1. If Ser339 passes every condition in (1) more than 16 Å from ligand 2 (Cβ to nearest atom); (2) under 14 Å from Trp373 (Cβ atoms); (3) touching a Ser or Thr at 6+ places or on another chain (Cβ under 7 Å) but one, which one does it miss?
2. Out of the residues in the range 307-332 that are hydrophobic (A, V, I, L, M, F, W, C) and assigned to a helix (DSSP H, G or I), which is farthest from Phe95 (Cα to Cα)?
3. Condition first: touching a residue at least 60 places away in the same chain (Cβ under 8 Å) and assigned by TED's automatic domain parsing to the domain that holds Ser135. Can you find one or more residues in the range 280-302 that meet it?
4. Could you tell me how many of the residues in the range 435-451 are closer than 22 Å to Leu404 by Cβ and touching a Gly at 6+ places or on another chain (Cβ under 8 Å)?
5. In the range 314-344, what residues are among the aromatic types (Phe, Trp, Tyr) and either farther than 24 Å from Gly34 by Cβ or surrounded by fewer than 23 Cβ atoms within 10 Å (Cβ to Cβ) (or both)?
6. What tally of residues in the range 344-373 results from selecting those that are aliphatic (A, V, I, L, M), modelled with pLDDT of 95 or more and away from ligand 1 (no atom under 16 Å from the Cβ)?
7. Could you say whether any residue in the range 38-46 is within 16 Å of ligand 2 (Cβ to nearest atom), of a type outside the set (A, V, I, L, M, F, W, C) and touching a residue at least 40 places away in the same chain (Cβ under 8 Å)?
Amino acid sequence: MWRRFRGRPRPPPPLFDPHFPILDLGDREFITLGQMLESLVCFGATGSGKTSGPAFHLLLNIIRAGCSVLVLTVKPDECQRVKRICEIAGRGSDFRRIGEGEPWKLDLLDYELSQPHASVESAAAMLDTLVELASRSQGKNEEPFWQLLCKRLLRMSIAAVWLGTGKCSITDVYRFVADLPQSPDQLQNPEWIRDSFAGQCYLAGTVRDLPPGKRRVFELSVGFCEEWSNLSEKTRSIGHTMAVNILSQFMTGPVADVCASGESNLTPDEAMTEGLVVCVDFPVLLWREPGQYLQQAIKSTFTRAALRRDVTKSPRGWCLFVDEANWFADARNDALFASVSRSARAFSCVFAQNIPLLQQSFGEEGEQAVASWLGNFNTTLLCSNGSHQTNTYFSDKIGQRRELFLGGSTQRTDEPPSLFSVLASTVTGSFSEQWSPIVPPHVFATQLRTGGVRNGKLVDFFVIQSARMFGGLPFKLATLRQGDL
Ligand SMILES: Nc1ncnc2c1ncn2[C@@H]1O[C@H](COP(=O)(O)OP(=O)(O)OP(=O)(O)O)[C@@H](O)[C@H]1O
Ligand SMILES: [Mg+2]
């Protein structure tokens with residue numbers, strides 16, 4: 001190979017190589033970029049070494065493979081780690097931090113509505129995700145009626161603002177929702193039409209030249225406004241409070257500067273084509289709800305952009321990378337993404353502590369939701385874990401084997417030992433076959449190294465990949481050295 005290119009410049013590496021090794025499992029076994037396209041989840045207790053072990057190596061090699069990455073953050077030091085990993089990979093210039101004091105902006109609604117096939121539905125999808133997040137954030141799902149009302153209010157508001165004025169940012173939707181008529185009389189009042197933002201949007205929309213499809217959507221929103229003014233005060237105020245609670249997360253400080261400024265200088269399309277590593281540095285532990293909502297909205301916008309891109313023009317892989325994934329897991333949209341992402345060269349690489357924590361973040365339907373959410377990932381890594389439920393789940397998943405148990409006993413006579421007495425004693429033997437776990441649950445809790453100096457910086461973990469056997473076994477025990485940052 002070397003001789004062939006001696007004296008001539010080497011060809012650049014391909015932008016997407018499915019054979020690129022992403023994780024070295026030892027014994028010449030690898031997880032390749034092609035296999036990553038079916039997504040990966042890693043479980044491990046706090047301190048099990050998942051961030052400094054598998055997460056470090058995965059992110060490093062995903063970046064080395066030329067992929068574009070979106071990193072969501074929960075802990076305050078994560079962004080710095082990602083920057084350092086980019087530098088180690090030799091791609092420091094591709095790192096972009098979306099955060100306080102940075103110039104990067106992405107007006108989420110405006111970006112979505114300026115796409116070639118933009119629709120009210122695609123823009124509202126992002127806010128729908130947030131309504132679901134908000135309604136399960138107390139661990140108890142809101143009644144579906146209120147979720148539907150809130151989603152409809154937001155959808156119809158986007159329709160009226162966008163089709164009425166030709167542009168729409170989150171700030172505009174907030175103003176519109178705040179200005180909706182409180183009674184049928186107010187709706188007929190010329191002063192309300194003249195002075196309120198909602199009235200102005202409707203007025204502008206009636207005289208704008210809209211194609212028939214959009215005109216119909218606009219008229220639906222006018223109908224909704226009438227319907228809204230006729231609702232009981234209690235219904236209106238609950239719907240209004242839910243919508244304002246979501247929109248207001250984006251309305252102030254650096255979060256508003258990033259996603260509601262009317263400007264976009266870092267779009268998902270550009271990031272994916274150029275192979276940028278974008279880290280959203282609004283860690284949930286520091287920024288709480290606004291940080292969580294902003295990152296969930298950015299995740300939703302990037303995933304939709306990844307799925308609609310043309311891989312012949314933008315051939316790089318795109319990875320959604322999330323440590324502490326329970327903060328951003330979304331049963332419906334994650335499943336939708338997983339079902340079609342492979343052909344769009346998009347995948348997720350996420351880390352979580354245990355199943356009970358995920359169930360809690362999925363709200364009331366947690367158990368079912370987690371079971372189906374886990375189906376989105378073809379590869380599972382299991383670091384040391386103290387969660388019995390998680391360990392039992394994966395022990396069951398690895399399966400059982402038949403084991404032969406031998407038993408025996410002798411019945412001695414009371415005679416003093418002699419050749420005769422040995423021959424006269426009764427010897428019984430038995431054997432039985434039983435099914436027992438190939439990897440019993442306690443192994444995940446007690447047998448895996450968790451890094452640190454006392455373990456020689458080594459992190460052990462199990463790898464399970466659907467439809468893959470490792471030397472005749474349905475799992476592989478692998479070891480990685482913790483990355484020094
Ligand atoms: N480069 C390193 N060298 C030695 N020890 C390290 C290194 N990086 C981390 N450690 C230690 O290894 C242990 C595992 O750390 P790590 O942060 O990777 O765990 P984790 O599974 O991500 O935990 P958490 O869920 O709390 O984030 C910790 O005790 C940490 O202090
Ligand atoms: Mg960690």
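1. (3)
2. Of the residues in the range 307-332, the ones hydrophobic (A, V, I, L, M, F, W, C) are 307, 311, 318-322, 325, 327-329, 331.
Right, trim to assigned to a helix (DSSP H, G or I) and you get 307, 325, 327, 331.
Working: Leu307: 22, Ala325: 21, Trp327: 23, Ala331: 29 Å.
Applying the filter and picking the extreme gives Ala331.
3. There is no residue in the range 280-302 that is touching a residue at least 60 places away in the same chain (Cβ under 8 Å) and assigned by TED's automatic domain parsing to the domain that holds Ser135.
4. 2
5. Of the residues in the range 314-344, the ones among the aromatic types (Phe, Trp, Tyr) are 318, 321, 327-328, 337.
Within the range 314-344, Trp327, Phe328 qualify.
6. Number satisfying all stated conditions: 2.
7. Step one: list which residues in the range 38-46 are within 16 Å of ligand 2 (Cβ to nearest atom), which gives 40-46.
Filter once more, so that each one left must be of a type outside the set (A, V, I, L, M, F, W, C): 44, 46.
If we keep only those that are touching a residue at least 40 places away in the same chain (Cβ under 8 Å) too, we end up with 44, 46.
Yes.
Per-residue answers, yes or no, for (1) at pLDDT below 95; (2) within 16 Å of ligand 1 (Cβ to nearest atom); (3) farther than 30 Å from Phe30 by Cβ; (4) in the same structural domain as Ile355 (by TED's automatic domain parsing):
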| position | (1), (2), (3), (4) |
| --- | --- |
| Ala55 | no, yes, no, yes |
| Leu59 | no, yes, no, yes |
| Cys67 | no, no, no, yes |
| Val82 | no, yes, no, yes |
| Phe95 | no, no, no, yes |
| Val131 | yes, no, yes, no |
| Met156 | no, no, yes, no |
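The values are calculated or read from the model by the stated rules, or taken from the named source; none is laboratory data. From a predicted model like this one, the values you see are computed outputs, not experimental measurements. Neighbour counts are summed over all protein chains in view; Cβ atoms, including those assigned to glycine, are modelled from backbone coordinates with ideal geometry.
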